[in-house]
Amino acid sequence: MRNEIHEKIVIVEDDAGIVKFLKTTLTAAGYEPIIAETGEQALALISSHCPDCVLLDLGLPDMDGNTIIEQLRSWSRMPIVVISARTMEEDKARALDLGADDYLAKPFGKIELLARIRAALRHTRTAAEDDGIAVNGIYRTGELEIDYRKLRVYRAGKDINLTPNEFRIVALLGKHAGQVVTYKAIMRELWGPLAGKDNKILRVHMASIRRKLEPNPDEPVYIITEIGVGYRLTEDAP
Ligand code: CA
């Protein structure tokens, strides 16, 4: 059993069935869930408890969950994982671009839920340690190794020779490993705030990255496409 202090997670959800599932799952995993059924309740509970993470439904009885993301981001970097039945790609991208850390489409299972929460929690921790990857400068998943000091990426010990822009894309995904990074966020990182809206150049870069990095570029195992939203570097690569 874990014996550290239980991490608090505020669940913002108005569906009683889902609340029950989340509460049971999170408690069993050693977290301390706190329930809010409306947006107003959520904002009050979040400011009084300062939780380690927020699980947020977008369709709330009294407000749009995106409003909560905007309000929280005006004063806090606490991880927000959106859980929503809205499956439109624009909805996902909007929540992420407003500052949500990740997005889980309903229905989802326990394993996926817990993995996303762990990734969100770890990311705040490493961000707090000034990009924890920098502790040894290396991020590893499966046979992949991103070396942030040498600005190199290796697979099975072999340098895959990324171009500088390709490296920047992979480096960014590595800093958010396990989380989806939107096209917009990647383009902003690469080309600044004036980046265009067209993802075409990004897709071209990604095709080249995958040819170098994936064992089989047609069936990527390291960089997964979240269609219409962005890319996710898997943490549990084989
Ligand atoms: Ca709802």
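Any read-out appearing in this document is the output of simple, stated calculations on the displayed coordinates, not a laboratory observation. On a predicted model such as this, the values are computed, not experimentally measured, just so you know. So basically every Cβ, Gly included, is an ideal-geometry build from the backbone, and we count neighbours across all protein chains shown.
When Ala42 is tested against (1) buried (at least 21 other Cβ atoms within 10 Å of the Cβ); (2) more than 13 Å from the ligand (Cβ to nearest atom), just one condition goes unmet, and that condition is (2).
For region 27-39, residues that are away from the ligand (no atom under 14 Å from the Cβ) and not hydroxyl-bearing (Ser, Thr, Tyr) total 6. Within region 1-26, the residues that satisfy the criterion of being within 16 Å of the ligand (Cβ to nearest atom) and farther than 21 Å from Ala115 by Cβ are Asp14, Asp15, Ala16, Gly17. Within region 56-80, the set of residues being within 16 Å of the ligand (Cβ to nearest atom) and not β-branched (Val, Ile, Thr) comprises Leu56, Asp57, Leu58, Gly59, Leu60, Pro61, Asp62, Met63, Asp64, Gly65, Asn66.
When Ala100, Ala105, Ala93, Ala85 are checked against the criterion of being within 15 Å of the ligand (Cβ to nearest atom) and closer than 16 Å to Thr182 by Cα, Ala105 stands alone in meeting it.
With the requirement that a residue be buried (at least 20 other Cβ atoms within 10 Å of the Cβ), part of a loop (DSSP other than H, G, I, E, B) and among the β-branched types (Val, Ile, Thr), what does region 159-206 give you? The answer is none; no residue qualifies. Looking only at region 155-162, decide whether some residue is under 22 Å from Ala119 (Cβ atoms) and free of Cβ contacts under 8 Å to residues at least 40 places away in the same chain. The answer is no; no qualifying residue exists.
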